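Taken together, the values in this text are just the output of simple stated rules run on the coordinates, not laboratory data. What you see is a predicted model, and the numbers here were worked out from it, not measured in a lab. Note that we place each Cβ from the backbone using ideal geometry, even for glycine, and neighbour counts take in every protein chain shown.
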Protein chains: 2
Amino acid sequence: MNILDHFTFENVGYRIEDLETPVPLVDIGIVEHNLRKWQARSDKLGIANRPHIKTHKLAALAKAQIELGARGITVQKLGEAEVMADAGITDMLLTFNVVGAHKLERLAALAKRVNISVVADSREVVEGLSKAGQMAGRDIPVLVECDTGAGRNGVQSPEAAVDLAKFIHASKGLKYGGLMTYPGTRADADKFLAKALELSEQAGLKTEVVSSGGSPDMWKDEGLAHVTEYRVGTYIYFDRSLAERGVCTYDECAVSVLATVVSRPNDQRALIDAGSKALTSDLLGLKGYGVVRELGFAKVYNVNEEHGYLDIADCNDKPKVGDLVRVTPNHVCPVINLFDKVVVVRGKEVLGAVKVDARGMVQ
Amino acid sequence: MNILDHFTFENVGYRIEDLETPVPLVDIGIVEHNLRKWQARSDKLGIANRPHIKTHKLAALAKAQIELGARGITVQKLGEAEVMADAGITDMLLTFNVVGAHKLERLAALAKRVNISVVADSREVVEGLSKAGQMAGRDIPVLVECDTGAGRNGVQSPEAAVDLAKFIHASKGLKYGGLMTYPGTRADADKFLAKALELSEQAGLKTEVVSSGGSPDMWKDEGLAHVTEYRVGTYIYFDRSLAERGVCTYDECAVSVLATVVSRPNDQRALIDAGSKALTSDLLGLKGYGVVRELGFAKVYNVNEEHGYLDIADCNDKPKVGDLVRVTPNHVCPVINLFDKVVVVRGKEVLGAVKVDARGMVQ
């Protein structure tokens with residue numbers, strides 16, 4: 001397959017130097033490398049790959065992920081699910097509790113046209129989902145979200161997981177779809193899931209899917225014994241936080257934010273036109289808001305909304321006003337969510353701009 | 001005037017309980033109070049009010065600001081300027097260096113149809129602006145941006161300011177428009193500006209505008225002797241950071257993010273459907289990412305992209321799954337920039353949704 005077949009590009013010129021800034025550049029060659037590398041590992045492990053589209057929010061890349069072997073996609077919000085369904089994706093897991101009358105109606109409408117599974121971690125959530133399933137006229141698979149140590153959503157014990165599984169199984173318009181977790185540590189998750197599986201088997205429930213996820217631990221082998229599918233999002237683009245953790249190399253970071261140097265008040269700092277409205281304020285434990293690799297990993301040491309402060313004290317060849325720089329952001333997912341369009345490149349070649357289909361779909 | 005005359009609302013129902021979440025609610029009564037209070041102060045001081053629209057990004061509110069007495073608006077990016085020009089705003093100051101061939105063409109096109117002033121802090125920037133002015137066929141006013149202590153953009157000394165003013169004055173297609181700063185402290189800014197004014201007068205240059213700004217110091221009287229106009233953005237909505245600094249009361253915070261409780265794993269935490277893609281990761285020195293006033297100022301103590309972690313340990317009446325909460329965000333400007341639409345309310349009455357006209361206009 002040619003990954004580019006899924007794209008329809010808007011022509012924005014052929015040279016990076018001609019692009020308006022700030023704008024994220026997505027290197028499609030690196031994207032394809034990242035997708036193939038992870039798919040090969042998933043295949044080797046015999047674990048279904050269900051990538052999270054929250055990172056790229058592009059229908060074209062969701063299709064590429066599936067064509068390369070992904071079982072389906074993961075979405076975090078109904079709005080993302082609707083955009084992906086509109087684009088022709090038919091297999092998705094929504095890993096966020098659907099709560100509220102309007103949202104349940106939207107879920108029902110989605111369930112009529114695509115294979116969507118959802119999650120729940122309380123009877124209140126399941127009762128709502130049951131209404132949606134009945135509206136849809138088909139049994140929606142519901143996975144029990146387990147808090148295996150991350151301290152976010154999820155039932156708090158294997159016993160509670162099986163209780164909720166039984167409740168789902170007994171609810172009209174639903175079927176028990178399995179277990180889902182976003183682990184704290186793999187070891188804790190494994191222990192929780194093993195017990196929940198044992199108890200659910202004793203209860204006569206068949207657990208078809210055990211869904212785990214997380215990019216930071218994606219290459220670790222331990223703790224996957226019970227896992228049947230894995231959700232990973234950032235792996236498609238990677239970012240500074242994952243490079244610094246050793247999950248990828250900087251060469252595997254597919255996205256940089258192209259920015260222009262607009263001010264050079266002194267020899268210590270340059271101001272660029274990418275601030276928190278382009279790079280976000282996400283730190284993820286790092287110092288600074290991104291790095292410019294071609295300037296010896298010069299740090300964006302501060303951001304205001306539209307200003308990025310670049311530390312050029314140690315740069316031998318200091319950038320001038322008008323120069324372009326490429327910032328590798330700390331956390332790529334929320335960066336993409338700030339832009340209506342990204343520009344797809346292959347090395348130095350500009351292929352064109354594409355709309356970020358699911359940008360801002362938080363509802 | 002009726003502030004609502006500027007709005008065309010999309011009907012989203014009449015009750016807050018019927019809204020989809022997460023979504024920012026803008027209380028128009030509080031907005032009007034905030035606008036009038038600041039305009040009255042500007043009038044009393046005899047300083048022109050030039051509000052920054054980066055906070056609200058709504059054409060309707062920009063028009064309301066002008067109708068209530070603002071001299072014109074401030075924009076931070078060309079994209080914002082274009083949106084506001086399209087909406088009929090004719091007087092604007094762009095407080096960001098315009099650099100790059102495409103952007104200079106866009107500036108020239110704008111200068112043909114509205115009164116736009118710009119800033120510069122280097123000869124390189126002025127040389128570009130000169131081309132734009134010549135393309136536009138009119139002299140674009142350029143203010144010299146002065147770094148009076150904030151350590152961001154700006155010339156580094158009063159002497160450098162006057163050198164650049166002379167350079168602007170001598171450049172085709174431009175005229176010297178005055179001095180502009182975003183102060184570190186008012187005292188430092190006053191000292192810098194006084195000296196720059198003295199030197200520019202000696203050089204025979206008339207400085208018509210001295211533009212300062214900043215919400216945190218907006219109520220302070222000192223250090224305004226030389227200031228002819230003031231740029232303030234957040235004052236229209238205010239937020240937790242300004243309430244905590246004592247710049248406003250919490251009752252003057254016009255925006256809250258309406259969110260739904262989707263999970264209650266235990267008695268210590270509730271998960272809401274507003275994470276960093278709704279509240280941002282901006283901390284501004286605060287603990288947590290926002291507070292829920294009606295729950296005893298319960299803190300959003302952590303955020304993932306779509307999850308907000310609400311600390312309910314000290315709540316007497318703990319929220320249940322499905323309950324709505326209103327989060328007062330730390331920093332309202334980047335929050336608004338995440339949403340395609342905001343919902344305008346008056347107290348408990350829903351007036352309707354409006355498009356955030358200049359959302360995402362970072363270029």
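Figures for the structure shown
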{"item": "Label zone at B:Leu284 (point 7 Å along Cα-to-Cβ), backbone N below 16 Å, segment A:269-298", "result": "A:276-277, A:281-282"}
{"item": "Nearest-first distances (nm) between copies at B:Glu208, label 7 Å from Cα via Cβ", "result": "7.3"}
{"item": "DSSP beta bridge pairing in chain B, given as percent antiparallel to the nearest 5", "result": "50 percent"}
{"item": "For segment B:31-78, size of Cβ-based charge dipole, Lys and Arg +1, Asp and Glu -1, in debye", "result": "160 debye"}
{"item": "Exceeding the 25 Å Cα-Cα cut-off - candidates A:Lys175/B:Lys299; A:Lys44/A:Lys348; A:Lys355/B:Lys54; A:Lys131/B:Lys341; A:Lys355/B:Lys63; A:Lys277/B:Lys318", "result": "A:Lys175/B:Lys299; A:Lys44/A:Lys348; A:Lys131/B:Lys341; A:Lys355/B:Lys63; A:Lys277/B:Lys318"}
{"item": "The protein assembly as shown shape via C-alpha gyration tensor axes, a/c threshold 1.5", "result": "prolate"}
{"item": "Estimated 222 nm signal from helices in chain A, with DSSP H stretches of n ≥ 4 weighted -39500 (n - 2.57), rounded to 500", "result": "-8500 deg cm²/dmol"}
{"item": "Cα gyration tensor, segment A:33-110 - rounded (a/c under 1.5), prolate or oblate", "result": "prolate"}
{"item": "For A:Leu286, inter-copy label distances in nm, listed shortest first [label point 7 Å out on the Cα-Cβ vector]", "result": "2.5"}
{"item": "Label spacing, shortest first and in nm, from A:Lys355 to its equivalents in the remaining copies (7 angstrom along Cα→Cβ)", "result": "1.3"}
{"item": "Loop sites in segment B:1-39: chymotrypsin sites (Phe, Trp or Tyr not before Pro), DSSP, at most 15 other Cβ within 10 Å", "result": "B:Phe9, B:Tyr14"}
{"item": "Whole-number percent relative contact order across chain A, with pairs defined as alpha carbons under 8 Å at least 6 apart", "result": "21 percent"}
{"item": "Chain B: most fluctuating residue of B:Leu164, B:Leu129, B:Leu283 per GNM, C-alpha cutoff 10 Å", "result": "B:Leu283"}
{"item": "Cα-derived Rg to Rh of segment A:129-251, Kirkwood definition", "result": "1.05"}
{"item": "Quotient of Cα Rg and 2.2 N^0.38 Å for segment A:1-65, N being how many residues it contains", "result": "1.33"}
{"item": "Cα gyration tensor, segment B:30-236 - rounded (a/c under 1.5), prolate or oblate", "result": "oblate"}
{"item": "Theoretical FRET efficiency, 1/(1+(r/R0)^6), r = Cβ-Cβ of A:Tyr14 and B:Glu105, R0 22 Å, to 0.05", "result": "0.75"}
{"item": "Label-zone membership for segment A:324-359, site A:Arg36, 7 angstrom Cα→C-beta point, backbone N under 19 Å", "result": "A:345-349"}
{"item": "Separation in nanometres of the label points that stand 7 Å from Cα toward Cβ, at B:Gln134 and B:His226", "result": "3.2 nm"}
{"item": "Charge dipole of segment A:30-235 about the Cα centre (unit charges at C-beta), most positive-ward option of A:Phe192, A:Leu45, A:His33", "result": "A:His33"}
{"item": "Counting DSSP beta bridges with both ends in segment B:150-294, the antiparallel % (nearest 5)", "result": "25 percent"}
{"item": "DSSP beta bridge pairing in the protein assembly as shown, given as percent antiparallel to the nearest 5", "result": "50 percent"}
{"item": "Debye, to nearest 20: dipole size of chain B, +1 on Lys, Arg Cβ, -1 on Asp, Glu Cβ", "result": "500 debye"}
{"item": "Label point distance in nm, A:Lys206-A:Asp5, each placed 7 Å from Cα along Cα→Cβ", "result": "3.5 nm"}
{"item": "Convex hull volume per residue in cubic angstrom - Cα atoms of segment A:240-330", "result": "83 Å³"}
{"item": "With 20 Å bins from 0: P(r) over chain A, alpha-carbon pairs, percent", "result": "29, 53, 18, 1"}
{"item": "Local electrostatic count, B:Glu198, Cβ distance below 12 Å [Lys/Arg +1, Asp/Glu -1]", "result": "0"}
{"item": "Efficiency of FRET from Cβ geometry, A:Lys44 and A:Lys195, R₀ 45 Å, rounded to 0.05", "result": "0.95"}
{"item": "Check: segment A:76-131 dipole with +1 on Lys, Arg Cβ and -1 on Asp, Glu Cβ, in debye", "result": "140 debye"}
{"item": "Contact order normalised by residue count of segment A:240-330, Cα under 8 Å, 6+ apart, percent", "result": "36 percent"}
{"item": "Paramagnetic reach from A:Asp314 in segment A:227-259 [backbone N under 16 Å; point 7 Å along Cα→Cβ]", "result": "A:244"}
{"item": "Cleavage-rule hits (trypsin sites (Lys or Arg not before Pro)) in segment B:249-338: DSSP loop, at most 13 neighbouring Cβ within 10 angstrom", "result": "B:Lys287, B:Lys320"}
{"item": "Residue and distance (whole Å) for the chain A Cβ nearest the axis that superposes A on B", "result": "A:Ser281, 2"}
